[in-house]
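Below: one structure, written as structure tokens.
The values are calculated or read from the model by the stated rules, or taken from the named source; none is laboratory data. Since we're looking at a predicted model, the values are computed, not measured. Don't worry about glycine lacking a Cβ; one is built from the backbone with ideal geometry, like all the others, and counts go over all protein chains shown. Remember, those area values only see protein heavy atoms, side chains included, never the ligands or the DNA or RNA. Shrake-Rupley method; radii C 1.70, N 1.55, O 1.52, S 1.80 Å.
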Amino acid sequence: MGAKNLDCQLERDGFGRLVLVDAEGVRHAGVVPVRAFPLSAPGDGLSLVGSDGRELLWIDRVDDLPEEVRTLLAQELAARDFAPTLRKLHKVSSFGVPSTWQVSTDRGETSFVLKAEEDIRRLEGGALLIASAHGVQFRIPDVTALDRGSRKLLERFL
């Protein structure tokens, strides 16, 4: 599956890797899309990075791309951007760290370990990003939208 964009093509190879064919016809296998602002502006500023870590192509706005290219990039980014939305905080093992949190997310029930209070990052607009000990990022888009019990438990860590 290929698509035209800025004298380039983006397609998948037989191994499922993204391949960028540049304007000179050079194939760059294993390119990785990297968002410049994944949380505040996920649709703006995307870099296609080669296997050597160098930027091969800069994309100002993903929405301006042809649908086939957007679909390929969305599939690739979905695997990289796994960040469940935390909907309810049921229980924490202790109010110190490390602590085990039992939560409900948009992907189901789970538990994770919070290693340090610094692993809770405040974002614009009252959002939070919580990093588990295993590197999974849990998002809370709006703390005020959580139920009272969840907010009360969370406040002990903020």
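What the table below lists for this structure:
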quantity: Probe 1.4 Å, protein heavy atoms only - accessible area per residue of the range 93-155 in square angstrom; calculated: 59 Å²
quantity: Loop sites in the range 1-96: chymotrypsin sites (Phe, Trp or Tyr not before Pro), DSSP, at most 15 other Cβ within 10 Å; calculated: Phe15, Phe82, Phe95
quantity: Percentage relative contact order, the range 48-152, counting C-alpha pairs under 8 Å, at least six apart; calculated: 19 percent
quantity: Interchain or long-range residues, amide H under 5 Å from Leu57's placed H; calculated: Leu48
quantity: Carbon plus sulfur fraction of accessible area for the chain, probe 1.4 Å, in percent; calculated: 49 percent
quantity: Residue of Leu56, Leu20, Leu73 that the Gaussian network model of the chain assigns the largest fluctuation, springs spanning Cα pairs under 10 Å; calculated: Leu56
quantity: Thr85, Thr105, Thr144, reordered so the largest accessible area comes first (probe 1.4 Å); calculated: Thr144, Thr85, Thr105
